[in-house]
1. Only residues that are surrounded by 17 or more Cβ atoms within 10 Å (Cβ to Cβ) and outside any loop (DSSP other than H, G, I, E, B): list them for the stretch 114-135, please.
2. Of the conditions (1) touching a helix residue (DSSP H, G or I) at 6+ places or on another chain (Cβ under 7 Å); (2) exposed (fewer than 14 other Cβ atoms within 10 Å of the Cβ); (3) more than 29 Å from residue 269 (Cβ to Cβ), residue 110 satisfies every one except a single condition; which number is it?
3. State all residues of the stretch 194-234 that are touching a strand residue (DSSP E or B) at 6+ places or on another chain (Cβ under 7 Å) and either farther than 20 Å from residue 99 by Cα or free of Cβ contacts under 8 Å to residues at least 12 places away in the same chain (or both); if no residue qualifies, say none.
4. Hey, any hits in the stretch 222-238 for a residue that's assigned to a loop (DSSP other than H, G, I, E, B), more than 30 Å from residue 111 (Cα to Cα) and in contact with a helix residue (DSSP H, G or I) (Cβ under 9 Å, 6 or more places away or on another chain)?
5. Suppose the filter is crowded, with 16+ Cβ neighbours inside 10 Å, in contact (Cβ under 8 Å) with a residue 60 or more places away in the chain and at negative phi; does residue 184 pass it?
6. Just the residues that are surrounded by 11 or more Cβ atoms within 10 Å (Cβ to Cβ) and farther than 17 Å from residue 80 by Cα, please, taken from the stretch 251-273.
7. Just to check your reading of the model, which residue among 206, 248, 195, 212 is surrounded by fewer than 11 Cβ atoms within 10 Å (Cβ to Cβ), at pLDDT below 90, within 20 Å of the chain's Cα centre (by Cα) and over 16 Å from residue 78 (Cβ atoms)?
8. Which of the residues belonging to the stretch 88-99 are over 18 Å from residue 262 (Cβ atoms) and out of contact with any helix residue (DSSP H, G or I) (no Cβ under 9 Å at 6 or more places or on another chain)?
């Protein structure tokens, strides 16, 4: 663990030093846009006297973004592929859509995503059955509250079991079944991913929801689309696929997925583009 943390520290130090030099070189000229890193460095330099942000704080925030964002996305991708391999007909439907919109002679682009509703349904169904954080991030009320007749004292640590809510049979038909088609229904099709409806909020809700939810959904969709557009997938001979879970902060497969890709595009050059 110490070696890993040292590795990340070296990467962040290099990135921060480079950005500091760039900002120094730009002093005196108007910088058109400022990204997240620029804002953190501004706060570190004391632009807001109410916020005492050290360089260690900056690195910790960057680590949270890097690790938190990549692990949950890769885990959900693995679950989505597992569910689809358990139901080969979903792979067939996804590839038919991809071949119709993109074709086997072209490279998948981000601009294709709005024309891939079935792939979007696959991503949302994976997030429904396998949210990145089953209990979300703990919430701590600043004042006492009563919710559904339960008293919640100030400072209590509250966990929301979104995994159970998104499998609740009173909200979902066949709740434990992987059904991307459910997202084409009139009621479910209107559900957004931002937590405005408490039947489906894999990234939380309100001001404390995941800041990267739009990016996460888009990344999950384009990764799945790329995988199934470019390759056929099969299991190693003699492998029996299961969906057994391993509980933790992020719920992963107990047995990591092993799948074999076979190229399906028309030209080998497309894989090198």
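1. If the condition is that a residue be surrounded by 17 or more Cβ atoms within 10 Å (Cβ to Cβ) and outside any loop (DSSP other than H, G, I, E, B), then 118, 119, 120, 121, 122, 123, 124, 125, 126, 127, 128, 129 are the ones that fit.
2. Only one criterion in (1) touching a helix residue (DSSP H, G or I) at 6+ places or on another chain (Cβ under 7 Å); (2) exposed (fewer than 14 other Cβ atoms within 10 Å of the Cβ); (3) more than 29 Å from residue 269 (Cβ to Cβ) is unmet by residue 110, namely (3).
3. 208
4. Yes, the stretch 222-238 contains at least one residue that is assigned to a loop (DSSP other than H, G, I, E, B), more than 30 Å from residue 111 (Cα to Cα) and in contact with a helix residue (DSSP H, G or I) (Cβ under 9 Å, 6 or more places away or on another chain).
5. In short, no.
6. 263, 264, 265, 266, 267, 270, 271
7. Values: 248 fails: over 16 Å from residue 78 (Cβ atoms); 195 fails: surrounded by fewer than 11 Cβ atoms within 10 Å (Cβ to Cβ); 212 fails: surrounded by fewer than 11 Cβ atoms within 10 Å (Cβ to Cβ).
Going through 206, 248, 195, 212 in turn, the sole match is 206.
8. Once the filter is applied, which keeps residues that are over 18 Å from residue 262 (Cβ atoms) and out of contact with any helix residue (DSSP H, G or I) (no Cβ under 9 Å at 6 or more places or on another chain), the stretch 88-99 yields only 89.
The values are calculated or read from the model by the stated rules, or taken from the named source; none is laboratory data. Computed from a predicted structure; not experimentally measured. Glycine gets a Cβ as well: all are built from the backbone with ideal geometry, and neighbour counts include every protein chain shown.
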